[in-house]
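The values are calculated or read from the model by the stated rules, or taken from the named source; none is laboratory data. As the structure is a computational prediction, the values presented were derived from the model and not from experiment. Cβ coordinates were reconstructed from backbone atoms using ideal geometry, including for glycine residues, and neighbour counts include every protein chain displayed. When the accessible area is computed, the model is the full protein with side chains, heavy atoms only, and any ligands, DNA or RNA have been set aside. Shrake-Rupley method; radii C 1.70, N 1.55, O 1.52, S 1.80 Å.
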Amino acid sequence: MEGLYQTYLDNLAAARGLAKPRFSADLSDEALIGAIRERAERLYHLHQENDAILKEILFSKTGETLMEQEAAALEELAGALFNYNRSPDVGVAYYIHKLLYAYAQARGDVDGMVKELYYQGITLFYLNVRSSEMGIDLFVEQIGAYFSAGAAYLDRYEQIANPTTRGYIIRCLGNRKYGLKSIRGGEGGPHNIMEGWKDYARVFEEAMAIVESPGYREKDPEIPWDDFVYTLHYDRTQFLSGLRSRYDPEVAAAVLESAEYVYHHQERIAAVKERAVGARTRYVYAAARYHAGLIPAEELMAELFDICKGADAADFSGDSIWAILTAPEYLKHYSAYLPAKEREAAWKQVEEIQARQREYLFQLPQNEYALQVSRALQTMSEQVSADDKAFQRRVLDYILACHPPTYIHSEVVAELTRRFCARLAQAAPRLLDGAFGMERPADSPGELALLLEKAYYSGLYHDLGKCMLISYVGQYSRRLLDEEFTCIKLHPMFGCSLLETLKLEDYSNAARYHHRSYDHSGGYPMTAGECPAAVRVMVDIITVVDALDAGTDNIGRSYAAAKSFDDLVSELRAGKGTRYAPYVVELLEDGDFCRESEQFLADSRKEAYLETYREKK
């Protein structure tokens with residue numbers, strides 16, 4: 001790879017290094033701020049350069065105008081940018097494959113079209129954001145359309161001579177499951193996987209009939225047919241989650257068949273490589289036998305206890321994370337099926353394992369595991385007490401610390417929210433009546449102090465969901481693609497959901513509504529309904545101060561990108577009554593408060609940067 005294609009890769013690697021900086025412990029405050037600013041300038045220029053590169057090599061091209069040499073270079077670049085779970089830039093890889101599909105289509109290249117249908121589907125799948133708890137599956141229909149279109153070439157299988165192309169057809173055939181909204185959710189509310197069993201079973205049987213067919217295997221012996229069989233069986237075991245809530249003998253039998261296949265397959269590999277079968281596979285095999293009536297609950301519980309106790313708390317591989325964070329929830333579930341005496345004894349062990357589970361949350365390295373922690377918390381929701389303030393704070397601080405830029409912004413917004421709320425208590429105290437259920441908080445020093453504390457934490461946690469999505473969208477070296485911005489726009493819902501799980505309803509709605517326009521004309525999420533009256537004033541304040549900090553940050557972002565405080569205030573005035581609440585913007589009409597706020601913002605921002613990067617030296 002050479003020229004602009006290699007430059008883009010080099011810039012991407014440089015930007016990823018700059019996004020996780022290390023600074024000398026010996027730097028003075030001013031030198032550290034200067035180093036952070038220098039890093040921001042370098043990131044800004046890489047961003048500008050990469051945007052220009054992408055415009056030239058990708059976004060200015062069409063399938064009809066793309067040259068053969070350019071197509072080859074883009075295909076090589078896409079290969080470097082996409083590697084399933086370890087992709088440096090899956091978004092641009094997706095756009096490259098869209099262009100390469102148009103290129104193949106313009107030339108009537110069937111082999112190219114089939115290949116690019118697969119890669120469009122799989123790259124969009126890895127770009128996708130989904131949550132069955134919230135009924136979110138952003139691109140499920142489009143993903144399904146790509147794989148269905150690729151699988152449709154099965155009708156022309158005999159006319160396609162290239163065995164690699166035939167392999168892509170088979171991959172698409174099995175991957176149609178990723179387009180089944182009935183099993184993946186996406187309707188806007190909690191989803192039960194069992195609702196999609198019939199659709200899934202149809203796709204499974206159609207795919208399995210092909211991959212187990214002696215005729216197809218004889219035609220293309222080089223295709224990894226057994227790998228496809230294993231993958232289909234592995235995927236089908238996901239219906240265990242449905243069996244835990246709703247028994248179905250047909251599903252139980254099918255899951256058992258797949259669990260046995262997967263277990264014995266891994267058992268053979270483990271014997272050759274002299275290692276143990278994976279923890280999740282051991283659980284799936286035992287649970288499938290339990291739901292099929294082959295073993296009692298006591299035997300399943302014994303296997304789960306062995307899995308949980310045997311996991312290494314210093315190991316952060318996927319298997320250990322599953323065994324320590326997820327498996328305890330299955331212990332809790334299945335303990336309900338034990339006889340009373342055994343259940344009481346088992347619960348003592350379950351409580352010990354849950355205590356280990358909680359502590360493990362905070363041992364996971366930061367910058368990498370915010371999503372895993374938040375997912376674990378969704379399953380641990382019954383454990384979380386509204387009175388367990390220490391645990392709540394540890395969780396939220398951990399997740400915020402996973403993404404330093406969001407942590408810094410959140411800390412500054414928290415300080416500004418408290419400041420603006422205090423000013424509102426002086427200037428228009430009746431506007432605070434009813435906030436967080438307090439009748440007249442501005443009239444009571446004690447209640448006002450409590451309100452200001454809630455204002456601070458509302459601001460601190462308003463962007464929590466962004467940390468949970470950063471593994472989907474973590475680009476600093478180019479502009480966000482439309483699909484990535486669509487993902488990021490989910491962060492109010494993700495933050496709200498996590499705060500509700502932690503029993504922090506006072507703050508959850510502030511997270512949900514802080515990107516909605518004051519007059520309801522725009523912003524997101526538009527499907528969230530009316531903002532509750534008890535948090536409306538806090539949401540109005542956060543919406544203003546969020547923009548005030550984000551737009552004027554001249555430490556963590558380039559001076560060329562940051563706006564002056566006065567320019568930002570002018571924008572707030574222009575959006576008064578539409579985007580922003582008039583009574584909050586009008587606080588800045590007081591010259592003294594405006595200038596004091598400008599200085600307070602600058603001081604708070606500097607302090608937040610120093611605190612964050614001093615701790616990470």
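Of note:
- Placing unit charges on the Cβ atoms only, positive for Lys and Arg and negative for Asp and Glu, gives the chain a dipole magnitude near 360 debye about its Cα centre.
- Range of Cα positions in segment 340-428 per principal axis (Å), largest first: 63, 32, 16
- Computed packing ranks the peptides 255-265, 536-546 as 536-546, 255-265, most packed first, by mean other Cβ atoms within 10 Å.
- Average accessible area per residue (Å²) across the chain - probe 1.4 Å, nucleic acids and ligands excluded: 44 Å²
- Inter-part distance, segment 421-470 to segment 253-313, computed on C-alpha centroids, equals 50 Å.
- Relative to the longest principal axis of the Cα atoms of the chain, the long axis of helix 370-379 lies at roughly 80 degrees.
- Among the protein heavy atoms of the chain, carbon and sulfur supply 49% of the accessible surface, probe 1.4 Å, non-protein parts ignored.
- Centre separation in Å (Cα based) which lies between segment 328-398 and segment 496-550: 28 Å
- When the charge dipole of the chain is built from unit charges on Cβ atoms (+1 for Lys and Arg, -1 for Asp and Glu) and taken about the Cα centre, the candidate among Leu117, Met468, Ser213 whose Cα reaches farthest toward its positive end is Ser213.
- Mean separation of Cα contacts under 8 Å (6+ apart) over length of the chain, as relative contact order %: 12 percent
- Sum of -39500 (n - 2.57) over DSSP H runs of 4+, divided by residues of the chain (222 nm, nearest 500): -20500 deg cm²/dmol
- Residues whose placed amide H lies under 5 Å from that of Tyr580, excluding near-sequence neighbours: Tyr518
- Rg over Rh for segment 289-383 works out to 0.99, both radii taken from alpha-carbon positions and Rh defined as the Kirkwood radius.
- Averaging 1/r over every pair of different alpha carbons in segment 1-105 and inverting the result gives a Kirkwood radius of 15.3 Å.
- Cα principal axis extents for segment 420-518, largest first, Å: 49, 28, 19
- Distances between placed amide hydrogens fall under 5 Å for Gly523 paired with Ser517, all partners being 5 or more residues away or on another chain.
- Net charge of the neighbourhood of Glu298, taken over other residues with C-beta under 11 Å away and scored Lys/Arg +1, Asp/Glu -1, is -2.
- Both radii are taken from the alpha-carbon atoms of the chain; with Rh as the Kirkwood radius, Rg/Rh is 0.99.
- Rg over Rh, two decimals, segment 115-188 (C-alpha only, Kirkwood Rh): 1.06
- Cβ-based net charge around Pro441, under 15 Å, with every Lys or Arg adding one and every Asp or Glu removing one: 0
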